[in-house]
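Bear in mind that the values in this text are calculations on the coordinates, not laboratory data. Just so you know, these numbers come straight off a predicted model, no measurement behind them. Positions of Cβ are backbone-derived with ideal geometry, glycine not excepted, and every protein chain shown enters the neighbour counts.
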Amino acid sequence: MDAVMDLFHSLTEHLDAAVTSPWFYLALFAVAVIDGFFPVVPSESMVITGGVYAASTGEPNAAAVMALAALGAFIGDHVSFYVGRGPGQKMVARMKPGTRKHKAFTWAQALMRERGGLILVVARYVPGGRTAVTMTMGTCGYPRRWFAFFAGIAAISWAVYGVVLGYVGGKAFEESPIKGVAVGLGLALSVTAVVEIVRYLRKRKSAPATDENEAEVGAEPEEKPVTTG
């Protein structure tokens with residue numbers, strides 16, 4: 001038991017030193033940028049952790065965490081967007097009209113033009129979804145100006161959301177920041193789970209109608225009997 005407690009205290013000390021260091025700001029910004037086009041780094045976890053320590057120890061500064069996380073996310077989304085506009089559009093140009101891939105792209109293009117902004121903002125809260133959406137928007141030729149506008153809304157709201165979750169956990173466990181981090185991450189996972197459940201239910205609800213439409217489109221026209229006069 002003593003060994004476990006010693007390990008816990010050691011981890012806490014290392015986490016305290018890392019988060020309260022001035023280098024945390026640079027690391028947070030870099031991770032937020034990379035997560036925009038390579039979604040395997042824990043940007044949301046770092047934002048929440050920053051919020052926890054801002055509430056419990058006063059370091060790092062909560063406003064600075066929000067600003068750097070939002071700026072990093074905004075830049076990272078644009079990297080993904082321009083990857084879509086470059087290699088993505090070249091790949092689309094090689095698609096043969098009428099193939100399944102070409103039809104899927106045409107459908108995605110129409111969807112992005114109609115609801116791209118809303119999809120981009122919502123996708124920022126879906127792990128991995130943000131990269132798929134931003135790259136697809138670039139590939140579909142979504143207007144740069146409108147992409148920047150909605151990417152800004154998504155990045156700012158996401159940064160505020162992460163810091164607020166962390167701040168709640170930090171205030172609940174001011175004397176044990178690591179417990180506050182656990183609470184903040186738990187809240188974030190709960191929100192993600194709710195979003196995924198809603199998406200699944202909506203998709204399941206719309207599936208029958210989609211299947212019917214596809215059946216109608218793919219049905220062969222009935223042959224009318226040929227009559228002779």
ask   = Cα convex hull of the range 105-161: how many Å³ per residue?
value = 64 Å³
key: Angstrom value of the Kirkwood radius, inverse mean 1/r, which spans all Cα pairs in the range 34-175   = 15.9 Å
note = In nm, the gap between the two label points placed 7 Å beyond Cα toward Cβ at T20 and K96 is 6.5 nm
